[in-house]
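These notes are about the structure you will find just below.
The values are calculated or read from the model by the stated rules, or taken from the named source; none is laboratory data. Nothing here was measured: the structure is a model prediction, and the numbers come from that model. No Cβ is skipped: glycine too gets one built from the backbone with ideal geometry, and neighbour counts run over all protein chains shown.
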Amino acid sequence: MSFLSDGCGAGTGWLQNVLDKPLLSDYRNMEIADCLTASVGGELRYRFMNEDNRLRPGGPGNSTYDLWRVTPWMELNYNDSITGYVQAIDASIFDRDLPITPIDENRSDLLQYYIDARLGELGDGSLNVRVGRQFLKYGSQHLVSPLAWGNTFRNFEGIKLAYSSDTWDIDGFWTRPVNGAAGNIFRPTAFDTPDASQSFSGVYSTYKGFENATFDIYWLFLDENEDKPARLDGQRHTVGGRLDRTIIRTDSCGNTLGTIAFEAEGAIQAGHHEDFQAGVNESIWAAMFHTKLAYTANQAPWTPTITGLFYWASGDSNPGDGENNNFSTLYPLGHAYWGIIDNLNGSNLFDYSVQASVKPTDKLTFVTAAHWFFQDETTSPIFNVAGAPVGQSGTDADIGTELDLIATYQVSKTLQVQAGYQWFWYGDAVNDGPAVRDDAKQFYLMTTLGF
């Protein structure tokens with residue numbers, strides 16, 4: 001008899017009940033005074049990594065290592081109008097052979113702390129303000145993401161006004177990057193403080209008045225006023241829009257036969273780029289476009305989904321002419337788009353991808369994805385996941401081909417296990433010249449437990 005079964009096939013055994021209930025669930029919404037409640041919780045994540053020949057900082061190499069992350073949190077809520085939230089983090093890496101990166105480690109720090117207050121009604125909606133250290137997450141996360149895949153997340157400190165109604169969600173924010181994953185100085189064992197030389201602000205709006213569709217319009221502004229090596233200096237404005245639509249096919253009884261999901265996003269960038277050390281002062285003019293089309297056969301065995309994706313971000317066709325055309329992806333969730341092996345950051349890139357997924361059971365999902373990567377302009381370098389140039393200019397445009405295999409098992413509401421294997425076969429854009437690389441491989445096993 002399975003420990004996850006009650007003997008009648010219902011799957012409601014004692015172990016399943018324990019796993020479905022967070023360890024600290026009895027400490028949610030505790031009333032501690034009139035109109036004042038408190039909650040505590042957290043998450044523990046472990047990931048084993050075995051990588052070989054990635055385009056990571058530090059050059060080619062093989063390494064196995066362990067990543068641990070614990071993120072306990074506490075929340076106070078007064079009358080559903082004022083919320084105080086604090087989240088700590090201890091992210092560590094063990095047994096590594098390769099250089100550490102800003103997304104690997106952040107020991108004993110504060111990840112988030114903010115006050116969220118309801119300011120009142122505004123027209124047909126409500127207005128809230130959030131002040132303090134927080135995550136930013138918008139749209140498809142091509143440009144703004146907390147980078148949950150990374151061991152450290154990505155955080156910002158500042159103020160955000162949020163308006164919400166039946167038809168509109170509009171956020172306006174002004175922040176400074178905090179940890180190394182957000183572009184600040186990497187301090188893995190020191191307390192993180194906001195980067196006073198850099199600000200990230202913008203307005204992100206979502207129109208929800210369409211049936212089964214949303215439309216985003218946004219302006220993002222990155223301002224760096226202190227010249228540092230390997231940092232974006234100057235000012236960069238990003239203006240874009242995104243359409244996300246779902247079409248549901250039903251039979252005469254209203255049962256869902258199939259689901260079509262369509263997404264398209266485009267953005268342009270303008271501003272200026274300065275590098276006093278290199279004597280460079282350039283204007284910026286760049287662009288990107290992304291589209292996705294997916295079909296799910298809801299009534300077929302294993303509920304298969306097939307997805308086609310296309311992504312393009314401009315490169316610099318004529319370096320040194322006073323205009324920089326390399327599109328900056330700002331703060332992306334690149335792991336979800338430009339290959340699970342995390343070789344690329346989305347700049348100067350064409351990505352053609354076909355993906356498929358199946359669900360043999362309600363808890364088990366298999367995903368496979370193939371990517372064909374090319375440079376937009378061979379006069380610009382390849383940019384790895386950290387934004388550092390790789391290889392040499394003037395080579396063939398073919399960066400390579402990647403194949404990703406991922407299996408996810410949702411053991412319970414609180415426990416998930418995921419494993420993945422990836423291959424990257426490098427093209428001539430990487431292997432032309434003296435630095436010929438072997439192809440890359442990566443395996444990971446990750447468990448996530450909420451408590």
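Against the numbered list (1) under 21 Å from the mean Cα position of the chain (by Cα); (2) surrounded by 17 or more Cβ atoms within 10 Å (Cβ to Cβ); (3) of a type in the set (A, V, I, L, M, F, W, C), ALA440 comes up short only at (1). State yes or no: is GLY322 loosely packed, with under 14 Cβ neighbours inside 10 Å, at positive phi, in contact with a strand residue (DSSP E or B) (Cβ under 7 Å, 6 or more places away or on another chain) and not acidic (Asp, Glu)? So GLY322 passes the test. Taking the stated definitions as given, is TYR27 in contact with a Ser or Thr (Cβ under 8 Å, 6 or more places away or on another chain), more than 30 Å from ASN345 (Cα to Cα) and at pLDDT 90 or above? So TYR27 passes the test. Of the strands (runs of 3 or more DSSP E) lying entirely inside segment 49-155, those containing at least 1 residues that are within 20 Å of MET446 (Cβ to Cβ), modelled with pLDDT of 95 or more and among the acidic types (Asp, Glu) span 62-70, 82-94. In this structure, is SER145 surrounded by fewer than 19 Cβ atoms within 10 Å (Cβ to Cβ), of a type in the set (Gly, Ala, Ser) and in contact with a strand residue (DSSP E or B) (Cβ under 8 Å, 6 or more places away or on another chain)? Answer is no for this residue. Of the candidates PHE276, PHE289, the single residue that is modelled with pLDDT of 95 or more and out of contact with any Ser or Thr (no Cβ under 9 Å at 6 or more places or on another chain) is PHE289. Just one of (1) assigned to a loop (DSSP other than H, G, I, E, B); (2) surrounded by fewer than 24 Cβ atoms within 10 Å (Cβ to Cβ); (3) aliphatic (A, V, I, L, M) trips up ILE341, so point out which. It fails just one condition, (2).
The residue pairs whose first member lies in segment 360-372 and is under 18 Å from HIS335 (Cβ atoms), whose second member is acidic (Asp, Glu), and whose beta carbons are closer than 7 Å, counting only pairs six or more residues apart or on different chains, are THR368/ASP404; ALA369/ASP404; HIS371/ASP351; HIS371/GLU402. Of everything listed in (1) surrounded by 15 or more Cβ atoms within 10 Å (Cβ to Cβ); (2) among the acidic types (Asp, Glu); (3) not in a strand (DSSP E or B), the single unmet condition for ASP396 is (1).
Checked against the criterion of being of a type in the set (D, E, K, R), in contact (Cβ under 8 Å) with a residue 24 or more places away in the chain, surrounded by fewer than 21 Cβ atoms within 10 Å (Cβ to Cβ) and closer than 30 Å to TRP338 by Cβ, the candidates ARG107, ARG118, ARG133 yield just one match: ARG107. For segment 356-375, the condition holds for at least one residue, the condition being that it is surrounded by fewer than 18 Cβ atoms within 10 Å (Cβ to Cβ) and among the acidic types (Asp, Glu). Scanning segment 399-451 for residues that are charged (D, E, K, R), at pLDDT below 95 and not in a loop (DSSP other than H, G, I, E, B) yields a count of 1. Being touching a residue at least 12 places away in the same chain (Cβ under 8 Å), within 17 Å of the chain's Cα centre (by Cα) and surrounded by 20 or more Cβ atoms within 10 Å (Cβ to Cβ) holds for only one residue in GLY334, GLY387, and it is GLY334.
Determine which member of the set SER353, SER357 is free of Cβ contacts under 8 Å to residues at least 60 places away in the same chain, in contact with a Pro (Cβ under 9 Å, 6 or more places away or on another chain), not hydrophobic (A, V, I, L, M, F, W, C) and not in a loop (DSSP other than H, G, I, E, B). Exactly one of SER353, SER357 is free of Cβ contacts under 8 Å to residues at least 60 places away in the same chain, in contact with a Pro (Cβ under 9 Å, 6 or more places away or on another chain), not hydrophobic (A, V, I, L, M, F, W, C) and not in a loop (DSSP other than H, G, I, E, B), namely SER357. Restricting THR193, THR206 to those that are assigned to a loop (DSSP other than H, G, I, E, B), among the hydroxyl-bearing types (Ser, Thr, Tyr), modelled with pLDDT of 95 or more and surrounded by fewer than 22 Cβ atoms within 10 Å (Cβ to Cβ) reduces the list to THR193. Sort out which residues of segment 167-179 are among the charged types (D, E, K, R) and either under 20 Å from the mean Cα position of the chain (by Cα) or modelled with pLDDT under 95 (or both), and write them in order of number. Scanning segment 167-179 gives ASP171, ARG176.
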